[in-house]
Amino acid sequence: MREEKNILAQAFNKTLPGIYAQQQMSPSVRSTNSIKYDPSNARSSSVLILLFKKDDQWLVPLIKRPKYNGAHSGQISFPGGKYEKSDGNYVETALREANEEIGINRDDIEFVASLSSLYIPNSNFIVYPQVFITEVEPFFVPDQREVETVIEAPVKHLLAPETIQSFRRKINGIEVDAPFYNVDDHVIWGATAMIMSEFLTLLKDVSFLTNPLSHSCSACNAPECR
């Protein structure tokens, strides 16, 4: 595992593809909110992307949000949240939020790199993704108020071309076409997919992650696809 961990960490030691990679998974319409925010007044947030190994494969944890009256109700995202002045930096925000939401222990994980920031027009947040890696298989403890379930997404599966699908539906009365990653019929789209796209672009040349899958992706049965 140590050798693979070092190879993965080195994959992020290169120029970030930034908006080019993010746009590969961008919806046709990014703002469906009736409120038009001023990006110059955007709030800051941070998410944590954790590479860990389980059952001989590398995975990243995602969380499904519970239903609530808000912009990201029921959506799938990386663990993370709003920057607080007491954090000091975005790495600390990601660590604090990931611990609060799914119980990730900061002492068990190692910082690798920061990815490109991304503005989210529906909530007026700029998110700053932080990549970590660990040799310790994490034990996730979801916060019942903030997390409906934890999804352990295999990186090799995310890198497979057939994992990317698309849907068309109306959101707030606006027709939206959106690519998404299909992970066990979980629909990973929007800002999370755009961040994931840059993350995966940096890993696409890692040979032990890009071998063909032993199975093909099944048809998506999630509501977003219907």
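What follows is calculated from the coordinates using simple rules that are stated; it is not laboratory data. Everything numeric here is computed off the predicted structure, so don't read it as measured data. Ideal geometry is used to build each Cβ from the backbone, glycine not excepted, and the neighbour counts take in all protein chains shown.
Each DSSP beta bridge with both residues in the chain is either parallel or antiparallel, and the antiparallel ones are about 80%.
Under the convention that each Lys and Arg Cβ holds +1 and each Asp and Glu Cβ holds -1, the size of the dipole of segment 2-208 around its Cα centre is about 780 debye.
Residue exposure proxy: Ile195, Ile151, ordered by other Cβ atoms within 10 angstrom of their Cβ from fewest to most, comes out as Ile151, Ile195. With a Förster radius of 41 Å applied to the beta-carbon distance between Glu135 and Lys67, the computed FRET efficiency rounds to 0.70.
Across segment 86-100, rounded Karplus estimates of 3J(HN,Hα) from the backbone phi angles (6.51 cos²θ - 1.76 cosθ + 1.60, θ = phi - 60°) give 5, 5, x, 7, 6, 4, 5, 4, 4, 5, 5, 5, 5, 5, 5 Hz, Gly and Pro being marked x. Its DSSP H runs of at least 4 residues, each contributing -39,500 (n - 2.57), put the calculated 222 nm mean residue ellipticity of the chain at -6000 deg cm²/dmol, to the nearest 500. For segment 61-143, a crude dipole built from +1 on the beta carbon of Lys and Arg and -1 on the beta carbon of Asp and Glu, taken about the Cα centre, is about 520 debye to the nearest 20. Could you work out the local net charge near Val147, counting Lys and Arg as +1, Asp and Glu as -1, over the other residues with Cβ closer than 12 Å to its Cβ? Once all neighbours under 12 Å are counted, the net charge is -3. Within segment 162-198, whose backbone N sits under 19 Å from a point 7 Å along Cα→Cβ of Gln23? 177-180, 190-198, by backbone N distance to the label point.
Fewest to most neighbouring Cβ within 10 Å: what's the order for Glu175, Glu152?
Glu175, Glu152
Of the residues Val141, Val206, the one with the fewest other Cβ atoms within 10 Å heads the list, and the complete ranking is Val141, Val206.
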